[in-house]
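S.K.: Starting off with a structure, shown below.
No value in this document is a laboratory result; all are computed from the given coordinates. Here the structure is a predicted model, which is why all the values come from computation and not from measurement. Note that we place each Cβ from the backbone using ideal geometry, even for glycine, and neighbour counts take in every protein chain shown.
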Amino acid sequence: MPITQLNIRAVRNLSDLSLAPSPSINIIHGANGSGKSSVLEAIHLLGLCRSFRTNKLNHLIQTGSQRCTVFAQLDAMGSGVSQPLGVERNLESDCRIRYAGNNIDITTLAELLPIQVINSETFMILEGSPAIRRQFLDWGSFHSNPEFIRLWRGFRRVLKQRNSLLKYGKIEQRIRVVWDQEFISYAEQLNTLRELYIEALKPEFDLILADLLEGISIDLSFSPGWDKKRGLDQVLDENFERDLRQGYTSAGPQRADLRLKVDGHTASERLSRGQKKVVVSALKLAQGVLFYKLNSRACIYLIDDLPSELDQHHSRLFCNYLEKTASQCFITCVDKDALTEYWSEPAGLRFFNIQDGCL
Ligand SMILES: Nc1ncnc2c1ncn2[C@@H]1O[C@H](COP(=O)(O)OP(=O)(O)O)[C@@H](O)[C@H]1O
Ligand SMILES: [Mg+2]
């Protein structure tokens, strides 16, 4: 049972809102502008210390307030004992996170509260820039291997250094060799974790997609960001003059991507808008299923306006799978009836009607 009690203060139009969520399915319904997405945004803040809608804190924090806070009672490890978790952000951008009486950092928080968001932007995974797909990939890699964050940070640091040397325009051979060795070492380790993750995700995705999208099979694969047939050392050497002219490193894990193909063609070019949404749903569900298998605990799904994204048939299938992931879900919709009938265990449902930021 993850979040057992939630209190939101000064997040958008939610001045002071408390709720006791169900451990399984929570449906938050109300008119447009009532504050439904803001509840999801607040839970996202609780898990990641930031919004999924904006980087600007003055939009997230209620007008007239200096700070916003989200408190929860959380049974993160499913041990049956809830601990208090609180996240506060102020207009100066400071972030304070307290868990079980101690200050914790953002990485510990992200491990504690694994959050999956599904909203209109998530549905852009297939069409959007590679950065969105890398984010998807790295969510999974982070939660499947504790080494990932150290490698990712190390790699970002070396990449930044290498790029600033390239921008400077002159690099002594001796210095370049040292940086490239470090770059390659991080790149290869990071790449291995990403590859392993996609290998593990693939069978889950295939199974779910076969149920969700009959008759269409998608080939999911991973592209590391450089030509693997040649070693990364050779690629860096060959690209060096061009990288120097451009002032950045053109090949490496910073260019990794996911490839989705239908009958050999790029899925985003072949599938209808609706089909793409179903594929994205399958990807996100597969992540939840795999997370559960690897960690023996479930993640939290925040799903914004499901009925407006999927048709009735696919909404039903999607909800059936959500139940199977054993996750705590927060789903918003305008009309509660649109989501009432899709569940095999209606007893686990809890409805929250929100009006002008109040329940
Ligand atoms: N910083 C803010 N301070 C106060 N109210 C805000 C702020 N930002 C947005 N709002 C208001 O919060 C309300 C809730 O928005 P939202 O959660 O997106 O609604 P819903 O998802 O129910 O359609 C909107 O009416 C919006 O005008
Ligand atoms: Mg909304």
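S.K.: Among Ile184, Ile175, Ile216, Ile149, which is within 30 Å of Ser281 (Cα to Cα) and part of a helix (DSSP H, G or I)? Give the steps one after another, and end with the answer.
M.R.: Working: Ile184 fails: within 30 Å of Ser281 (Cα to Cα); Ile175 fails: within 30 Å of Ser281 (Cα to Cα); Ile216 fails: part of a helix (DSSP H, G or I).
That would be Ile149, the only listed residue that is within 30 Å of Ser281 (Cα to Cα) and part of a helix (DSSP H, G or I).
S.K.: Are there any pairs with C-beta distances below 7 angstrom linking a residue in region 39-51 that is assigned to a helix (DSSP H, G or I) to a residue that is aromatic (Phe, Trp, Tyr), with the two at least 6 apart or on different chains, and if so which?
M.R.: Taking only residues 6 or more apart or on different chains, the pairs are Val39/Phe330; Leu40/Phe330; Glu41/Phe52; Ile43/Phe330; His44/Phe52.
S.K.: Here's another thing I want to ask about it. How many residues, within region 53-73, are within 12 Å of ligand 1 (Cβ to nearest atom), of a type in the set (Val, Ile, Thr) and assigned to a strand (DSSP E or B)?
M.R.: Total satisfying the criteria: 1.
S.K.: Output the strands (runs of 3 or more DSSP E) that fall wholly within region 269-359 and possess 1 or more residues being under 27 Å from Gln135 (Cβ atoms), or say none.
M.R.: The qualifying strands (runs of 3 or more DSSP E) are 300-303, 328-333.
S.K.: Taking only region 53-91 into account, find how many residues are free of Cβ contacts under 8 Å to residues at least 40 places away in the same chain, surrounded by fewer than 17 Cβ atoms within 10 Å (Cβ to Cβ) and of a type in the set (A, V, I, L, M, F, W, C).
M.R.: Qualifying residue count for the region: 2.
S.K.: Which condition number does Asn191 fail, the rest of (1) within 30 Å of Leu285 (Cβ to Cβ); (2) more than 20 Å from the chain's Cα centre (by Cα) being met?
M.R.: Checking Asn191 against (1) within 30 Å of Leu285 (Cβ to Cβ); (2) more than 20 Å from the chain's Cα centre (by Cα), the one that fails is (2).
S.K.: Here is a further query. Output yes when any residue across region 283-292 is touching a helix residue (DSSP H, G or I) at 6+ places or on another chain (Cβ under 7 Å) and either over 25 Å from Ser37 (Cβ atoms) or surrounded by fewer than 17 Cβ atoms within 10 Å (Cβ to Cβ) (or both), and no when none is.
M.R.: Within region 283-292 (the criterion being touching a helix residue (DSSP H, G or I) at 6+ places or on another chain (Cβ under 7 Å) and either over 25 Å from Ser37 (Cβ atoms) or surrounded by fewer than 17 Cβ atoms within 10 Å (Cβ to Cβ) (or both)), the answer is yes, since at least one residue qualifies.
S.K.: OK, next. From the list Thr4, Thr54, which residue is within 16 Å of ligand 2 (Cβ to nearest atom) and more than 13 Å from Cys358 (Cβ to Cβ)? Talk me through it step by step, then tell me what you get.
M.R.: Numbers: Thr4 fails: within 16 Å of ligand 2 (Cβ to nearest atom).
Of Thr4, Thr54, the one residue that is within 16 Å of ligand 2 (Cβ to nearest atom) and more than 13 Å from Cys358 (Cβ to Cβ) is Thr54.
S.K.: Quick one: is Ser18 assigned to a loop (DSSP other than H, G, I, E, B) and either away from ligand 2 (no atom under 16 Å from the Cβ) or without any contact (Cβ under 8 Å) to a residue 24 or more places away in the chain (or both)? Spell out the reasoning first.
M.R.: Values: assigned to a loop (DSSP other than H, G, I, E, B): no; either away from ligand 2 (no atom under 16 Å from the Cβ) or without any contact (Cβ under 8 Å) to a residue 24 or more places away in the chain (or both): yes.
For Ser18, the condition - assigned to a loop (DSSP other than H, G, I, E, B) and either away from ligand 2 (no atom under 16 Å from the Cβ) or without any contact (Cβ under 8 Å) to a residue 24 or more places away in the chain (or both) - is not met.
S.K.: Something else about it: Go over the candidates Ala200, Ala267, Ala210 one by one and state the one that is among the small types (Gly, Ala, Ser), free of Cβ contacts under 8 Å to residues at least 24 places away in the same chain and farther than 20 Å from Phe155 by Cα.
M.R.: Working: Ala200 fails: free of Cβ contacts under 8 Å to residues at least 24 places away in the same chain; Ala267 fails: free of Cβ contacts under 8 Å to residues at least 24 places away in the same chain.
Matching residue, one of Ala200, Ala267, Ala210: Ala210.
S.K.: Quick check on region 92-106. Is at least one of its residues in contact (Cβ under 8 Å) with a residue 12 or more places away in the chain, assigned to a strand (DSSP E or B) and within 16 Å of ligand 1 (Cβ to nearest atom)?
M.R.: Within region 92-106, not a single residue is in contact (Cβ under 8 Å) with a residue 12 or more places away in the chain, assigned to a strand (DSSP E or B) and within 16 Å of ligand 1 (Cβ to nearest atom).
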